[in-house]
1. Would you mind getting me the FRET efficiency between Gln126 and Ala194? Use the beta-carbon distance for r and R0 = 22 Å, nearest 0.05.
2. So if each residue of separation counts as 0.36 nm, and I subtract the Cα-Cα distance between Val307 and Val295, what length gain in nm does that give?
3. Please list the helices of the chain that count as membrane-span-like by this rule: a mean Kyte-Doolittle hydropathy of at least 0.5 together with Cα atoms stretching 27 Å or more along the helix axis, each helix being a complete DSSP H run.
4. Checking the a/c ratio against 1.5 first, then a/b against b/c, what shape does the Cα gyration tensor give for the stretch 177-290?
5. Taking only the alpha carbons of the stretch 232-389, what extent do you get along each of the three principal axes, in Å, biggest first?
6. Which whole-number percent gives the relative contact order of the stretch 146-211, counting Cα pairs below 8 Å spaced six or more residues apart?
7. Distance in nm between label sites at Thr317 and Leu6, each 7 Å beyond Cα in the beta-carbon direction?
8. Under a cut-off of 20 Å between alpha-carbon atoms, report the aspartates and glutamates in cross-link reach of Lys202, not counting same-chain residues fewer than 8 places apart.
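Readers should treat all values here as calculations from the given coordinates under stated rules, not as data from a laboratory. Just so you know, these numbers come straight off a predicted model, no measurement behind them. Neighbour counts run over all protein chains shown; Cβ positions are idealised from the backbone, glycine included.
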Amino acid sequence: MNFFDLLTLIGSNLSRRKGRVALTTIGVIIGTAAVVLLVSLGVGLQQNAEAQLGGIGDLTRIMVYPGMGEGVVEIGPGGVPGQTVPINQAAIDTIAAIPGVAAVIPQDYLQSWAIIRVGRLEGGGQIIGVGTEDMSQLGVTAAQGELLLSRGEVIVGAQVATNFYDPRARPGQEPPPPPDLYGQTLNIELVKYADDGTEIRKKTRARVVGVLESIQDEPDWSIFMTMSELDGYNAWVSGQRIDRDKNGYNTLIVKVSDVDQVLDVADQITALGFQAWSPQSFVEGISSFYLVLQVAFGSMGAIALLVAAIGIANTMTMAILERTREIGLMKAVGANNRQVLSIFLGEAAGIGFLGGLGGVLISWGLGQILNVLVLSYMAGQAVQTGGMPPTVAVVTPLWLPLSALGFATLMGLASGLYPALSAATLAPMAALKYE
């Protein structure tokens, strides 16, 4: 008996008991559909969360802050255990030597507040000094102008212009539109207070040579200038020279060449005694959570498949009892144990395959319906709350229905193993005499 003869015989046997096979298959359909739909829902939730986190920032970037130096002994003057480790040049050189690090850029902030004027408008922004002349090393791009910094020049974030307002506007007057800052000269007025509380101001100017593309992160609201210029302003604010070797920098931006190396590099930086944080660590945590959620959803559906497996075993056991004499007749005309075993295993696997195929098709259809309903509802909610609407609700990757179909078939095969072995080992004479 060749393979095609076996398939023909299996199909004929299954069609003889349509009602029982249909009821058993329904159990497999429900279990398979539950597994595929629930896991697809978990995948959809994960992809939607990752899409919502798309603006969390550059995933190859690590923010490094001064930390406590337990165990750090070769990081420069501040590397004494128990003392704060400054981000000085020695620390920068050490971090830059870590494999996978593409760039290390020191960064610091203005230690006072500033009033910024453009024409009649006043505004502000976070003023940051960066230790590089090429802002492209920070992973940003220019919407206008260039990314090269020099003394007397600044590069502004995409949202800085929205901070400007007309201080002379009358009540009820419509606010002016955000100014186009590119090419403008900003009049910056720094403010500090003397020991007696007297307000002291210093005026300076800077030309905007570039406006950054929006990345939904800190640079959007920041004004960047050279580190040497910021050091001069901070020296005026504090009244003393800035000693970077002793006090170090406020922040260090570490760019990693490959996103897959980010967490490893961050761990190595933490081991040096610094505090290190990357958006990638947050994304990894979200992904781990949704992976656990997918496993939990899949387990819930697997319970239904387990019940279906018991149903297949019961169906096959009853089929053997009803066809005992038929089995004896097959063996009497020359069928061996292997051929009998193949027939009944094939029938069990066929029930699993049909149920799996039906479950996959039903879960796909239900997924499309859920996508339409959920996305329509959530889009309406997003309009009311002002949030971003979800991009997807249920996602069925190709591997999922194929795996579910294969698993349902194997489950049917396993469920029919014991009944099939019982059928194959029946003695021909005893089977022919069975009533």
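1. Details: r = 24 Å, r/R0 = 1.10.
Computed FRET efficiency for Gln126 and Ala194 comes out at 0.35.
2. Values: separation 12, 0.36 × 12 = 4.32 nm, distance 1.86 nm.
Extra length from Val307 to Val295 when fully extended: 2.5 nm.
3. Working: long enough: 18-52 (49 Å, 1.03); 279-322 (64 Å, 1.33); 337-385 (69 Å, 1.01).
Those that clear 27 Å and a mean of 0.5 are 18-52, 279-322, 337-385.
4. Values: a/c = 2.57, a/b = 1.52, b/c = 1.69.
Oblate shape, in that a/c is at least 1.5 and b/c is the bigger or equal ratio.
5. Between the extreme Cα coordinates on each principal axis of the stretch 232-389 lie 106, 45, 23 Å.
6. Numbers: 90 pairs, mean separation 28.2, N = 66.
Averaging sequence separation for qualifying contacts and normalising by length gives 43 percent for the stretch 146-211.
7. Those two pseudo-labels are separated by 2.6 nm.
8. Here the aspartates and glutamates satisfying the reach criterion relative to Lys202 are Asp108, Glu122, Glu153, Glu189, Glu229, Asp231.
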